[in-house]
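Below: one structure, written as structure tokens.
The values are calculated or read from the model by the stated rules, or taken from the named source; none is laboratory data. Nothing here was measured: the structure is a model prediction, and the numbers come from that model. As a convention, Cβ positions derive from the backbone with ideal geometry for all residues, glycine included, and neighbour counts pool all protein chains shown.
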Amino acid sequence: MRRAGATRVGRIGALLIAAVALAGGMLALLSGGAGAPVAAAVPARPQPLPLLQPLIDAVPSGGTLRLPAGRYQGPAQITRPMVLDGGGAATIEGDGRSTVLVVQADGVTVRGLHLRGSGDSQDRVDAGLELSGADLLAEDNTLEDVLFGLHLKGVSRSLVRGNRVTGKPLTPGMRGDALRLWNSRHNRVEDNRFERGRDLTLINSPDNQLRRNHFTDGRYGLHAVFSPRLLAEGNRLSHTGTGIVVLYSPALTLRGNQIAHALTDGGAGIVLKDSHDSLIEGNEVLHCAVGFKLDTGVEGRGHLQVRGNHFAHNIIGMFFYGEAGQDHFSGSRYTNNLTTVAVSAPGAGASHQWSGNDWDEYLGFDRDHDGRGDTPHDVLLFADRIWMETPLATFFRASPALELLDFLERLAPFTSPYRVLRDPSPRMAAPASSAS
């Protein structure tokens, strides 16, 4: 019995030793062999982008650098005449702390680049593309995630064309200008698209032309200060706080622009202050807080021609501030504005001249079918004078109580209404001869 028990114990021990040996062999096989270390997975390190600056430095003066498709590390600076062409497939990545590409030379062309990732400092004016010099060309570039978009400093005789600029996703007051011209003259800015910027700004920049640009989602669509002889033609501005604001910039021309949905930050489609001897022609201003706001200086220097415009669906069609001025308003259409004309005080705008405008409120007739009303058109203020003369009462504008009071005054005036303007020959329709 004792010998049989010992034999059984020995067999069990042998089986245990064999099981341990088999498990060890399988573990060694799965791990790549006995004694082989098990390596932990290490993520691959991203390869650094090629630097753009050495490539620029290798180009001789007047040469051309055509970048192959791919991504390049900025920021970079150009200090001599050359052509930098990305072919629409080269991306320059900023460092997030400065301007992505700076040009400080005459005769430079920057074309077909994708610039992104500027810094966020207003003090440094971190931009996607900064230009300084003369005879420059910046065309067909795309700028994204930039604080300021195109920044022109002391630029002359240059062309900025066909670029697309999208700013950083910030509130309008914290953004930079999608376009800024400072101390720049004789430049053309054409066919660009701007989105999510603060303003399109011109400061101390005379004799510039802005044509066929589109800007949406901003504070001021176009803001010009001390920039005389500006031409803004065929631009489209929408969903900005204010459309076009021009201050102290005489001899300007605003022609064929469309401004829509300017309802905050003052909310006027076109604002002019002390910008005499100017032409405002063929513009369309739709759905703004104020269609056209004019602040005339006390001395009333020069004249303003406002003709052939269309002001429609605005809360106030026109607003006059100031008592001087002898500007001429002709051939414009005023349709479906909640209030056609408002003034800051009695006498404001009284010296302006009116002729041949199309008023949807005109109640006269055209019995001789010459396209002109037989009687003058007068814009009279009744109860509206309450909120015009007392700004705190503006809250009640268009309220049932004030509308009722205005209706009663028009039905049976118990005070003399104030006449804002008189158009002696309002336009009703095109004459039959011209219509045929």
Considering only segment 96-123, how many residues are surrounded by fewer than 17 Cβ atoms within 10 Å (Cβ to Cβ), under 21 Å from the mean Cα position of the chain (by Cα) and touching a residue at least 24 places away in the same chain (Cβ under 8 Å)? 3
Failed condition for HIS239, given (1) surrounded by fewer than 21 Cβ atoms within 10 Å (Cβ to Cβ); (2) within 17 Å of the chain's Cα centre (by Cα); (3) not in a strand (DSSP E or B), with all others met? (3)
So GLY282, is it under 23 Å from GLY218 (Cα atoms) and in contact with a Gly (Cβ under 7 Å, 6 or more places away or on another chain): no
Taking the options LEU247, LEU263, name whichever one is farther than 27 Å from PRO417 by Cβ, aliphatic (A, V, I, L, M), under 23 Å from the mean Cα position of the chain (by Cα) and surrounded by fewer than 17 Cβ atoms within 10 Å (Cβ to Cβ). LEU247
Of (1) within 23 Å of the chain's Cα centre (by Cα); (2) buried (at least 18 other Cβ atoms within 10 Å of the Cβ), LEU304 satisfies every one except (1)
Residue under evaluation ARG333, criteria (1) within 23 Å of PRO424 (Cβ to Cβ); (2) within 30 Å of the chain's Cα centre (by Cα); (3) at pLDDT below 95, criterion not met: (3)
Could you run through segment 185-199 and say how many residues are basic (Lys, Arg) and over 18 Å from ASP140 (Cα atoms)? 3
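Let's see how each residue does on (1) at pLDDT below 60; (2) part of a strand (DSSP E or B); (3) under 47 Å from the mean Cα position of the chain (by Cα):
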| site | (1), (2), (3) |
| --- | --- |
| LEU29 | yes, no, no |
| GLY32 | yes, no, no |
| PRO37 | yes, no, no |
| ALA40 | yes, no, no |
| GLN47 | no, no, yes |
| PRO60 | no, no, yes |
| ARG71 | no, yes, yes |
Tally the residues that are in contact with a strand residue (DSSP E or B) (Cβ under 7 Å, 6 or more places away or on another chain) and either crowded, with 21+ Cβ neighbours inside 10 Å or in a loop (DSSP other than H, G, I, E, B) (or both), restricting the search to segment 342-363. 14
Given the condition hydroxyl-bearing (Ser, Thr, Tyr), modelled with pLDDT of 90 or more and surrounded by 19 or more Cβ atoms within 10 Å (Cβ to Cβ), answer yes or no: does some residue in segment 370-389 qualify? no
SER158 vs. criteria within 29 Å of SER61 (Cβ to Cβ) and either in contact with a Cys (Cβ under 8 Å, 6 or more places away or on another chain) or not aromatic (Phe, Trp, Tyr) (or both): yes
Could you check segment 195-235 and list, in sequence order, the residues that are basic (Lys, Arg), outside any strand (DSSP E or B) and surrounded by fewer than 23 Cβ atoms within 10 Å (Cβ to Cβ)? ARG196, ARG212, ARG229
Select from segment 295-316 the residues that are part of a strand (DSSP E or B) and modelled with pLDDT of 95 or more and write down the one among them that is farthest from ASP277 (Cα to Cα). ALA312
Can you tell me which condition PRO169 does not meet? The list is (1) surrounded by fewer than 20 Cβ atoms within 10 Å (Cβ to Cβ); (2) in a strand (DSSP E or B), and all the others hold. (2)
Since ASP177 meets every condition but one in (1) of a type in the set (D, E, K, R); (2) buried (at least 24 other Cβ atoms within 10 Å of the Cβ); (3) not in a loop (DSSP other than H, G, I, E, B), which condition does it not meet? (3)
In this structure, is GLY154 in a loop (DSSP other than H, G, I, E, B) and either among the small types (Gly, Ala, Ser) or surrounded by 24 or more Cβ atoms within 10 Å (Cβ to Cβ) (or both)? no
Which residue pairs have Cβ atoms closer than 7 Å, lie 6 or more positions apart in sequence or on different chains, and pair a first residue in segment 58-70 that is surrounded by 11 or more Cβ atoms within 10 Å (Cβ to Cβ) with a second residue that is in a loop (DSSP other than H, G, I, E, B) and of a type in the set (A, V, I, L, M)? LEU65/VAL59
